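As C-alpha cells, the structure follows; a few thoughts come after it.
The values are calculated or read from the model by the stated rules, or taken from the named source; none is laboratory data. Predicted model only: the values in this text are computed from it and were never measured. Here Cβ is always computed from backbone atoms with ideal geometry, including for glycine, and neighbour counts include all displayed protein chains.
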Amino acid sequence: MRRIGRFVSTFVLGAASATLLSFSAMALAQGHVFTPPSSLPQPNDANGHIMARTHLRLLVPSSGKMQFGASAAAGQPEELPPFAGYTFETPASLACVYHLVEAAVPGCNPNVTTANPAGGSRAIALVDAFDDPTAVSDLATFTAQFGLSAANLTVVYANGTEPGLDPTGSWEIEEALDTQYSHAMAPGARLFLVEATDNSLVNLLNAVLVASNLVAEAGGGEVSMSWGAGEFTEETDFDSLFTTPGVVYFASTGDSPGVEWPSASPNVVAAGGTTNSRNPNTGNLILENAWQDAGGGASQLEPRPPFQRGVFFVVGDARGTPDISFDANPETGLWIFNSNPVDGTGWFIVGGTSVAAPSLAGIVNAAGSFHSSSQAENAELYSDSSNDFNDIIYGDCGVGIANFALPGYDLCTGIGTVRTLRGK
C-alpha cells in the first residue's frame, strides 16, 4: 500500500468532538448513538457553496475514555475485537448474513463466524473530504485483525496538494470506514482514496471526476460517495458527472428522513440502511428489518428513471430512493479501526448509510459483472430474481414514520439487501 504525499501524525479533537470515544471490552456502559459534527446539517460557506455532510453515526459509551487496544491493564493481553458478549458486525459476519461465502455459520454470530468475503478486481474509488493521514496504516491494522488479504490502497489528492485535516475530526473516521469495508467486501480490488480539499460540493464533485478517471483507467469499477446534501434546484445539471463509461457510482441516502443528493441522481445506485436484529443471548441473527433513521423517499426534482418503471406505484413520476440497502444501524453497528481521534489508537463501532455505499460498492465489484453505467447496474438489480436479494418486509422510516417496509420495493429499503453475489 502507498499514499501520494506525506504522513501526518495524530491530532487532537476540538471540544465539539471530544465525545468521540472508542469502547472498552469491559463494559458498554449504556452506550448511546452519537452524530459526529461532519454528519450534522452544513450551512453554505462564505462563497455560497453548498456543503455536504457525511452519513455517519457512532455508538459511544456514556462516559469515560475507553479504548480497545489501549485500555488493557499492565501485563494483560491487548484487547482486540470481536468480543464475546457483543454482537457488533465483522467482515465475516456480514459475509455470512448476506451469503457472500459458502461456509455460512447458522446465526452468523460475529464471535463465531470467520469466513471472510473473497474476490474483487479492477478498482474502487472512495471520495471523501480532508486528509486522513493514517488511512493506509489503519487499513493495514484492520486487515490484519480480521484476517483479510493485504490491501492495495493509493491515496490521491484531488487538487494535487495534500488537504488539511478536518477541524472536527469526523471525516477521518468516515475515510477509515470507507476504505476498510470496501476492502473487506472486495479484498482483491485496487482501492483509491480520493481526498477533496474540503466538504463543499464543488470540491467533492471535482474529486468525483478524479476518481472516475482513475477507475476508468484501471479497467472499470465503482466510485463510492458516503455523503450528501439536501436537494437543490440545479442538481439535475450535475447528474452528468456520474456517467463515465465503465464506472458504477454508489451514494448513501442519508441518516434522517427525506431525500438527499447525489443519491437522488438517476445516475447512481442509492444505498440505504437496515438493522440486523440479533438474539442478545446467543448473538444469532433473528431478522433484518428497516432502520428508522435511514434516508429515502421520492425526489422533488429528479424524474423517475427507466429502471424504476416497474415500481411506479410506489414512486409515482419521481426518482425514488434507495435502490438497495445494507446494515446501517449504529446500535447494531460494525467495527472499524481509526488512529486519529481520541489520543491515538482506537476501535470504533460505526453505522449510518455511510456503511452501505462502500460495502455495496465492494460487493458489486466482487460480483464481477462490471456494468457500463449505474443505470445498467440498477436495471439488473431491479429486474433480477428475488432469490438474489433479501426482501425486507418489517419496519418503517421517513418523515413521521410514514413509510413502511413492504413486500417488493419500498422507500425504506428499496428492493432489499443483497443475497449472494448473483444478480449484481
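From the list D255, D178, which one is crowded, with 24+ Cβ neighbours inside 10 Å, in contact with a His (Cβ under 8 Å, 6 or more places away or on another chain), charged (D, E, K, R) and at pLDDT 95 or above? Spell out how you get there, then give the answer.
Numbers: D178 fails: in contact with a His (Cβ under 8 Å, 6 or more places away or on another chain).
Result of the check over D255, D178: D255.
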Looking across region 313-338 at residues that are charged (D, E, K, R) and not in a helix (DSSP H, G or I), the single one that is surrounded by the most Cβ atoms within 10 Å (Cβ to Cβ) is D323
Among strands (runs of 3 or more DSSP E) completely within region 134-228, the ones holding 1 or more residues that are within 21 Å of F242 (Cβ to Cβ), touching a residue at least 60 places away in the same chain (Cβ under 8 Å) and among the hydroxyl-bearing types (S, T, Y) are 221-225
Over region 343-362, the set of residues modelled with pLDDT of 95 or more and part of a loop (DSSP other than H, G, I, E, B) is G352, T353, S354, V355
Being closer than 22 Å to V156 by Cβ, crowded, with 24+ Cβ neighbours inside 10 Å and either in contact with a Cys (Cβ under 7 Å, 6 or more places away or on another chain) or at pLDDT 95 or above (or both) narrows F238, F250 down to just F250
Given the conditions (1) touching a helix residue (DSSP H, G or I) at 6+ places or on another chain (Cβ under 6 Å); (2) in a helix (DSSP H, G or I), every one holds for T244 apart from (2)
Just one listed residue, out of A270, A294, is assigned to a loop (DSSP other than H, G, I, E, B), under 19 Å from M225 (Cβ atoms) and among the aliphatic types (A, V, I, L, M), and it is A294
Residue count, region 375-424, condition in a loop (DSSP other than H, G, I, E, B) and of a type in the set (D, E), comes to 2
The condition of being buried (at least 24 other Cβ atoms within 10 Å of the Cβ) and out of contact with any strand residue (DSSP E or B) (no Cβ under 7 Å at 6 or more places or on another chain) holds, among A271, A196, A184, only for A184
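So, in region 349-359, of the ones that are of a type outside the set (G, A, S) and within 8 Å of the chain's Cα centre (by Cα), which residue ends up surrounded by the most Cβ atoms within 10 Å (Cβ to Cβ)? First the steps, then the outcome.
Taking region 349-359 as the starting set, the residues that turn out to be of a type outside the set (G, A, S) are 349-350, 353, 355, 358.
Right, trim to within 8 Å of the chain's Cα centre (by Cα) and you get 353, 355, 358.
Values: T353: 33, V355: 30, P358: 31.
Restricting to residues being of a type outside the set (G, A, S) and within 8 Å of the chain's Cα centre (by Cα), the top hit is T353.
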Filtering region 363-374 for residues that are at negative phi, out of contact with any Pro (no Cβ under 8 Å at 6 or more places or on another chain) and assigned to a loop (DSSP other than H, G, I, E, B) leaves a count of 2
Of the conditions (1) surrounded by fewer than 22 Cβ atoms within 10 Å (Cβ to Cβ); (2) aromatic (F, W, Y); (3) over 21 Å from S93 (Cβ atoms), the single one that F130 does not satisfy is (1)
Cβ pairs under 7 Å, 6+ apart or interchain, first in region 368-384 and among the acidic types (D, E), second in a helix (DSSP H, G or I), ordered by first then second residue, are E377/V364
